[in-house]
Amino acid sequence: MFDDFFIRALVAGIGIALVTGPLGCFVIWRRLSFFAGTLAHSSLLGVTLAFSFDINISFSVLLISSALALILLKLQKSTKLPNDALLGLLAHSSLAIGLVVIGFLSYIRFDIMGLLFGDILAVNKRDLLVIWIGGAIILLILKIIWKPLFASTVNYELAEAEGMKPEKINVVFTILMAALIAISIKMVGILLITGMLIIPAAMARNLANNPKQMIIISIIGGLLAVVLGLYSSLQFNSASGPSIITAALVLFILSMFNIKKLKQLKK
Amino acid sequence: MSLNNNILVKLENTGVMLDNKWLVKGVSLEVKKGKIVTLIGPNGSGKSTTAKIALGIYKNIEGKVEKFTDKIGYVPQKISIDWTLPIRVSDFMLLTENLTNDEINNALKLTGVDHLKNNDLRNLSGGEFQRVLIARAISKKPDLLVLDEPVQGVDFKGELALYELIKEISEKLGCGILLISHDLHVVMSATDHVLCLNGHVCCSGTPQAVVKDSKYKELFGDRASTILSVYEHDHDHTHSPDGTIETKK
């Protein structure tokens, strides 16, 4: 059944939505949306390196994104620059280096649009394996570190005082983010992965009243966005990645209406 | 535990320097099982910093900290919950420990906020939130409780009740308590050991010894040294409306 490109796209998208749901909630809670964008920008460099040395794209993106994340953690400690300045510095310099390297690789035909916005319809069976196995590992680790991660998200000092080791957990979480970007970059693209992380989680925030509920709603929202987006891209012949994000946005807007109605009812 | 005389945490000549300024310096103290150690001192004297040194929150410190337990309950002085995080009181209770429903209910009942269990944490009043913080810290039955101004914003009646509770818990669980408080009355009546801080340790000892210390009087004024007399039972005096003492006869 995976011979149909559309089914492959659907299965890949569902796999990614299952992981972006919970991670997206943490991105919102920890105010990391710009950080997620920075990691995604750096992945272009990862992709070009993969082509240069003929290694697996996901592996090389994971390597570069993790390295960048660790550099960021180091810089945060050793400079007095604010976080957003550091993120901007890393995001755009790694993007620039990536583009410079692409220039040197003139013998390879690059689908820049595909890199930026993803090409979910070109997903092959091996990509599916990477997404589902990688995704399962990410979710498993997330489940293991859930308590300390959540505790240090709520309050860093409290977590530190009560032995939750937030510094180590930060590093693990950062690598999980890098891993997510590595497995999903080919599908969703550099510019849109942040949207996939944030928009369903933001929608969930409008509807949830406790953390676990927000994660579940965020996953459901992501799944709906993938299904709706892919079907409409088939229907209207629109680009698949942007269609998914647009579908997520529509869901977000609907969730806003829901809240207003509830408030009116209460009055 | 018996090897180190029931010591839970021990600070030896510790200090923290931030941006070339000592936040606090030369602090030595130890908290033993079943004992209450209190830090007093003016604003900015390093009380919270000392507590954070004991908790291991500060990494680059002078001196030596030894912890002999991992079961710690902490009530921080300030905590703000981000509005992006939907979190109920019951979720917050489970932050660092796995508790049964009964354990959560009991702890919340002890601090008088069991009716708020399903409320959003950010909709609580200041006093209610303090009560939840204390409930969370004691619910995990810690060996060491670190309480940084635990009753701030709590109403007068509740304040006394909560201090009673804290004392009761230390006796029942046999845990050690490191307490920071501005309420000298309570400090002097319920504490085993007092450290008076002002960037360094000004004086320390039993409450009885500390009130008599001239440095304590310098720091808190003459009125403060009369505090203990309230608790020394012999009511040989009455208080005039402005609080000064009038000797009987």
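Just so you know, all these numbers are worked out from the coordinates, no wet-lab data involved. Model, not experiment: these values are computed from the prediction. Cβ placement follows ideal geometry from the backbone for every residue including glycine, while neighbour counts extend to all protein chains displayed.
Per residue, what volume in Å³ does the convex hull of the Cα atoms of region B:38-172 enclose?
135
Taking every pair of alpha-carbon atoms in the protein assembly as shown, give the share separated by more than 29 Å as a whole percent.
60
What relative contact order, as a whole-number percentage, does region A:5-260 give when Cα pairs under 8 Å and 6 or more residues apart are counted?
Worked out over region A:5-260, it gives 32 percent.
May I ask you to derive the FRET efficiency for A:Asp84 and B:Leu18 from their Cβ-Cβ distance with R0 = 30 Å, giving the value to the nearest 0.05?
0.85
How big is region A:1-48 in terms of Cα radius of gyration and Dmax, in angstroms?
Answer for region A:1-48, Rg first and Dmax second: 14.3, 40 Å.
Can you tell me how much longer the chain between B:Ser28 and B:Val65 gets when fully stretched, taken as 0.36 nm per residue apart minus their C-alpha distance, in nm with one decimal?
12.4 nm
Be a star and scan region A:2-21 for residues whose amide nitrogen sits under 18 Å from the point 7 Å along the Cα-to-Cβ vector of A:Met113.
Taking a point 7 Å out along Cα→Cβ of A:Met113, no residue of region A:2-21 has its backbone N under 18 Å.
Mark the label point 7 Å from the Cα of A:Ala122 along Cα→Cβ and return the residues of region A:152-196 whose backbone N is within less than 18 Å of it.
Zone members listed by number: A:182-193.
Find the percent of Cα-Cα distances in region A:115-172 that exceed 15 Å, and round it to a whole number.
61
Cα-Cα pairs above 22 Å in chain A: how many percent?
56
Kindly provide the helix-only [θ] at 222 nm of chain B, computed as the sum of -39,500 (n - 2.57) over DSSP H runs of four or more divided by all residues, to the nearest 500 deg cm²/dmol?
Rounded to the nearest 500, it is -9500 deg cm²/dmol.
Per the Debye formula with a single identical scatterer at each Cα and no solvent contribution, what log10 I(q)/I(0) holds for region A:121-267 at q = 0.10, 0.13, 0.18, 0.21 Å⁻¹?
Normalising to I(0) and taking log10 leaves -0.44, -0.71, -1.15, -1.32.
How big is D, in µm² s⁻¹, for chain B by Stokes-Einstein at 37 °C and 0.692 mPa s if Rh is the Kirkwood radius over C-alpha pairs?
Stokes-Einstein gives a translational diffusion coefficient of 171 µm²/s.
Taking every pair of distinct Cα atoms and averaging 1/r, then inverting, what Kirkwood hydrodynamic radius in Å comes out for region A:69-166?
17.6
Can you give me the long-range amide H partners of B:Val24? Hydrogens built in the peptide plane at 1.01 Å from N, cutoff under 5 Å, separation of 5 or more residues or another chain.
Hits under the 5 Å cutoff: B:Val16.
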